[in-house]
Amino acid sequence: MTKVLIIGAGHAGGTAAALLRQYGHEGPIVLAGEEPAPPYQRPPLSKAWLKGEADLEALLLRPESFYAEQAIELRTGTTATAINPAGRTVAFADGTVETYDALILATGSTARRLALPGADRADLLELRTLADAGRLKAALGPGKKLAVVGGGYVGLEAAASARALGADAVVIERMDRVLARVASHTLSEFFTGYHRKHGVEILTSAEVTGFEDAGVRLADGRLIEADAVLVGVGALAREELARTAGLHCLNGVVVDGEARTSDPAIWAVGDVTYRPVPVHGGAMHRLESVPNALEQAKQAASAIVGRTAPTPEAPWFWSDQYDLKLQIAGLPDGADRQVVRGDVEAGAFAVFHLAGDRIVCVEAVNAPAEFMAGRMMIGKATPVDGGRLADLSVSMKAVAAG
């Protein structure tokens, strides 16, 4: 029987293992991950878990007993060191070697590091794993101050959680606005204002030149004092195993619409991949999100068991900050205008990115109807009238119906 080996026991790898069984795969499945915990959800690390609203059991994708019940061999705390595609084997740091008939790489991503003085300090924090979140949580509390380098979603979520725990927070962003690489100006301005209302200091166009005992040094000479410093300036695909094995890599492991790599016996899923997005004309992207991990897990599991490929989905993402639920569907590539629907000041609105008469992206803040309809319309390439889209007296159902 076909033996499937999965390297990486995060959301993508854990889901792929479960789906293989769900789809009828009867052969051996080995799920190997570096962390000591079974597969768990990472998004709550900067939100519910950090604030003490969720424990490890709540984070787990499935109870630990699930893996034994489904005859999935779960190997935690183990690191893969080399893939031998010709022999279809994987070597591990503990000296063991696993064979495979089908291999799924779900190695995820790693925090981008800054090449600055003090960037190798042991007390600098990042937020990728449960252990990272534990270190950050221990550093927060009343009377403490957190400096966040990088104004992306994880950094803003951590700042919001710090405030909820009674700590002060400052966000340092080198661009002229937070979320500059991933969101519209409207969204950036709204979140900047909302964080400031909650006591977070936001510094934009601020260049970090180094890290010191007392905090973060800026190019203008200022020292931003802090008890803890979190660096969140993006992530890089963990493609070393794949690249060394000779797989095609470009900003991640290159895969097709079935999550298959350049080796027909190897698939890759999740943050590590550089993949086509069919609803955006097949354009290649590296997507870092749980929905992407789930979609590609379905693709790989379906291909391995010979099941019909799942219907392509519009990419989507979310972020929780304070009492705000941000939901984003699609990608703004090729958009030529934006339509705002709702009340930005009231914190219930959506920004639609249009290319001609088609929605290609929607950013929805506390606007679930706009998100759901926008996501559906992106997937179906439904033409839309911009005037009706902006008119709150016209329901999203009516807008979608034309």
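For residue 23, the solvent-accessible surface with a 1.4 Å probe is about 40 Å², rounded to the nearest 10.
The 3J(HN,Hα) values that the Karplus relation (6.51, -1.76, 1.60; θ = phi - 60°) gives for the range 275-281 are, in residue order, 10, x, 10, x, 6, 10, x Hz. Gly and Pro appear as x.
The fraction of Cα-Cα pairs per 5 angstrom bin, counted from 0 for the range 96-142, comes to 4, 14, 17, 16, 15, 10, 10, 8, 4, 1, 0 percent, rounded to whole percents.
The Cα atoms of the range 55-142 cover 51, 35, 20 Å along the three principal axes, with the biggest extent listed first.
Rounded to the nearest 20 debye, the dipole magnitude of the range 274-365 is 460 debye, with +1 charges on Lys and Arg beta carbons, -1 on Asp and Glu beta carbons, and the Cα centre as origin. Between the listed residues 143, 182, 164, the Cα displaced farthest toward the positive end of the dipole of the chain, a dipole computed from Cβ unit charges relative to the Cα centre, is found at 182.
Proximity of backbone amide H atoms, modeled 1.01 Å from N, is registered between residue 285 and 275, 277 at under 5 Å, excluding neighbours fewer than 5 places apart on the same chain. Against the compact-protein benchmark of 2.2 N^0.38 Å, the Cα-based radius of gyration of the range 266-402 scales to 1.11. Distance distribution P(r), the range 217-315, all Cα-Cα pairs, bin width 10 angstrom from 0: 15, 40, 22, 11, 10, 2, 0 percent.
Over the chain, dividing the summed -39,500 (n - 2.57) contributions of all DSSP H runs of at least 4 residues by the number of residues returns a 222 nm mean residue ellipticity of -7000 deg cm²/dmol.
Simple point charges give the picture: +1 on the Cβ of Lys and Arg, -1 on the Cβ of Asp and Glu, and for the chain a dipole about the Cα centre of about 460 debye.
Leaving out ligands and nucleic acids, note down the accessible area per residue over the chain with a 1.4 angstrom probe, in whole Å².
Each residue of the chain exposes 42 Å² on average to a 1.4 Å probe.
What the Cα atoms of the range 1-103 give is an Rg and a Dmax of 14.6, 48 Å.
Counting only protein heavy atoms and a 1.4 Å probe, tell me what percentage of the chain's accessible area is made up of carbon and sulfur.
Values: 8680 of 17040 Å².
Looking at the chain in its full context, I get 51 percent from C and S.
Over the chain, the fraction of Cα-Cα pairs per 20 Å bin, rounded to whole percents and listed from the shortest bin up, is 26, 55, 19, 0.
Taken over the alpha carbons of the range 189-254 as equal point scatterers, the Debye sum produces base-10 log I(q)/I(0) values at 0.25 Å⁻¹ of -1.09. Largest GNM mean-square fluctuation across 329, 119, 158, computed for the chain with C-alpha springs under 10 Å, falls on 119. Comparing 364, 63, 309 along the charge dipole axis of the chain, the residue lying farthest to the positive side is 309, per the Cβ-charge model. Counting only the Cα atoms, the range 77-224 fills a convex hull of 159 Å³ per residue.
The values are calculated or read from the model by the stated rules, or taken from the named source; none is laboratory data. Predicted model only: the values in this text are computed from it and were never measured. Cβ coordinates were reconstructed from backbone atoms using ideal geometry, including for glycine residues, and neighbour counts include every protein chain displayed. Note: areas computed on protein heavy atoms with side chains; ligands, DNA, RNA excluded. Shrake-Rupley method; radii C 1.70, N 1.55, O 1.52, S 1.80 Å.
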